[in-house]
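Enquirer: Submitted below is the structure of interest, expressed as structure tokens.
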Amino acid sequence: MNFSEVFKLSSLLCKFSPDGKYLASCVQYRLVVRDVNTLQILQLYTCLDQIQHIEWSADSLFILCAMYKRGLVQVWSLEQPEWHCKIDEGSAGLVASCWSPDGRHILNTTEFHLRITVWSLCTKSVSYIKYPKACLQGITFTRDGRYMALAERRDCKDYVSIFVCSDWQLLRHFDTDTQDLTGIEWAPNGCVLAVWDSCLEYKILLYSLDGRLLSAYSAYEWSLGIKSVAWSPSSQFLAVGSYDGKVRILNHVTWKMITEFGHPATINNPKIVVYKEAEKSPQLGLGCLSFPPPGAGAGPLPSSESKYEIASVPVSLQTLKPVTDRANPKIGIGMLAFSPDSYFLATRNDNIPNAVWVWDIQKLRLFAVLEQLSPVRTFQWDPQQPRLAICTGGSRLYLWSPAGCMSVQVPGEGDFAVLSLCWHLSGDSMALLSKDHVCLCFLETEASVSTACRQLGGHT
């Protein structure tokens, strides 16, 4: 595993282009575009204010920079660096900006969610969509880019509108049986739309493209409900994470629950492999000690190393006692993600914050648990294979695959605190993001990683 040099970064704004050729990063009001292979700067763009959001167009030819404080969006072209576009929402303000799937329209959401403005880069025409709902996930596009679903709120009721992205004509408009709609998401095959209610009511609704209600599911009543939702890439499963610390898996045939995964604080099953991160200081032999000359300053102490050890059951995981009298308590399934082949599901229970749970979806059972020394900030699957990258806000990167797992120290002067990460589409590299810097991590082949992990032994 190799690491690039460290580059400056602001606000964790760093993204690979969809075609995998470029890496865009922001430093205050400057946008830097690098070649992924050489890391040489290809373009340097200067925006009118500090950048708060960046997004590539689907064809990787354009990139938008949003400056919400100024109500501005600037668009830059990689093919024609002298061309640029500025969109000013004026007094209406700006709270969100995104590309349409064709990469030639920009959707801006104004302050107070009064409307969505659709700007065309080709014809310079403007369209307006009224009543968008202010919720966590109110816009979703089908993967083929043909349709957009939008959550709306009017007359104290929730609605969903489905638009055709080619001409922005309204295809379907229907009300949803929700008290306070919180999110919507298309299945990867674009045939089913999942709609879920706020945490105050456990309800998830499944609609067809023509607006028919296919199914409604509720696990329980009178308690905090849904916290996270994820489709499997195959569209066969829908995972619903709840505040009760369980993940429920719905199937695509009957839309009934086929199993539920609990997250107990103690693991007793001897068939479950539990990896515990252990910190060990490097051993120093007397023959390796060297004394500095008189007057020389003391050198840095050797940094501690980390590795995984297989724990013997029963294993008690570190739990966090939630503050239940405040909003958004740290309980329940806050993160969940399917592997690209839909074989595995990774989850995090927020009141067991140091643990990542990996579930075998084929056998519908717990496969492995990784307990870190620090709370898990985020994890993300390799786009090409079942390999999971984890970061905890420290100077280490953690990788898991069915062959085992490993801990890698990120080199550099001082501690490079990895706050977030993003994979390259090839799965051969990833960008590691700290508060003020970014570096690239280049991974070896799966065979090499498996060899490195074999010190822990494979498991089935």
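Enquirer: Out of all the residues in region 173-198, which are open to solvent by 10 Å² or more (accessible area, probe 1.4 Å), of a type outside the set (D, E, K, R) and either assigned to a loop (DSSP other than H, G, I, E, B) or modelled with pLDDT under 95 (or both)?
Expert: Once the filter is applied, which keeps residues that are open to solvent by 10 Å² or more (accessible area, probe 1.4 Å), of a type outside the set (D, E, K, R) and either assigned to a loop (DSSP other than H, G, I, E, B) or modelled with pLDDT under 95 (or both), region 173-198 yields T178, Q179, P188, N189, G190, C191, S198.
Here's the yes/no breakdown for (1) more than 30 Å from L425 (Cα to Cα); (2) open to solvent by 10 Å² or more (accessible area, probe 1.4 Å); (3) of a type outside the set (D, E):
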site: H53; (1), (2), (3): no, yes, yes
site: A58; (1), (2), (3): no, yes, yes
site: L64; (1), (2), (3): no, no, yes
site: S77; (1), (2), (3): no, no, yes
site: S91; (1), (2), (3): yes, yes, yes
site: V95; (1), (2), (3): no, yes, yes
site: C98; (1), (2), (3): no, yes, yes
site: I116; (1), (2), (3): yes, no, yes
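Enquirer: Kindly indicate the residue of region 393-442 that is of a type in the set (S, T, Y) and assigned to a strand (DSSP E or B) and also surrounded by the fewest Cβ atoms within 10 Å (Cβ to Cβ) among those meeting that condition.
Expert: Taking the candidates together, the pick is S420.
Enquirer: Check whether at least one residue in region 162-171 is at positive phi and touching a Pro at 6+ places or on another chain (Cβ under 7 Å), and report yes or no.
Expert: No, region 162-171 has no match at all.
Enquirer: I would also like to ask the following. Return a yes/no flag: does region 336-347 have any residue that is over 23 Å from V408 (Cα atoms), in a loop (DSSP other than H, G, I, E, B) and among the hydrophobic types (A, V, I, L, M, F, W, C).
Expert: For region 336-347, residues over 23 Å from V408 (Cα atoms), in a loop (DSSP other than H, G, I, E, B) and among the hydrophobic types (A, V, I, L, M, F, W, C): absent.
Enquirer: Is it fair to say P233 is modelled with pLDDT under 95 and open to solvent by 30 Å² or more (accessible area, probe 1.4 Å)?
Expert: No.
Enquirer: Out of (1) in the same structural domain as L136 (by the TED database); (2) not in a strand (DSSP E or B), what's the single condition that is false for K271?
Expert: Failing condition for K271: (1).
Enquirer: Go through region 12-42 and give me each residue that's under 25 Å from P383 (Cβ atoms), free of Cβ contacts under 8 Å to residues at least 60 places away in the same chain and of a type in the set (S, T, N, Q).
Expert: S17, N37, T38, Q40
Enquirer: Can you tell me which residue is nearest to S434 (Cα to Cα) among those in region 26-40 that are assigned to a loop (DSSP other than H, G, I, E, B) and open to solvent by 40 Å² or more (accessible area, probe 1.4 Å)?
Expert: In this case the residue turns out to be Q28.
Rundown of residues vs (1) open to solvent by 20 Å² or more (accessible area, probe 1.4 Å); (2) assigned to a loop (DSSP other than H, G, I, E, B), yes/no style:
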{"position": "R143", "(1), (2)": "yes, yes"}
{"position": "A149", "(1), (2)": "no, no"}
{"position": "S161", "(1), (2)": "no, no"}
{"position": "L170", "(1), (2)": "yes, no"}
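The values are calculated or read from the model by the stated rules, or taken from the named source; none is laboratory data. As the structure is a prediction and not an experimental result, all values here were calculated from the model. We place every Cβ from the backbone using ideal geometry, glycine too, and count neighbours over all the protein chains shown. SASA here: full protein model, heavy atoms, side chains in, ligands and nucleic acids out. Shrake-Rupley method; radii C 1.70, N 1.55, O 1.52, S 1.80 Å.
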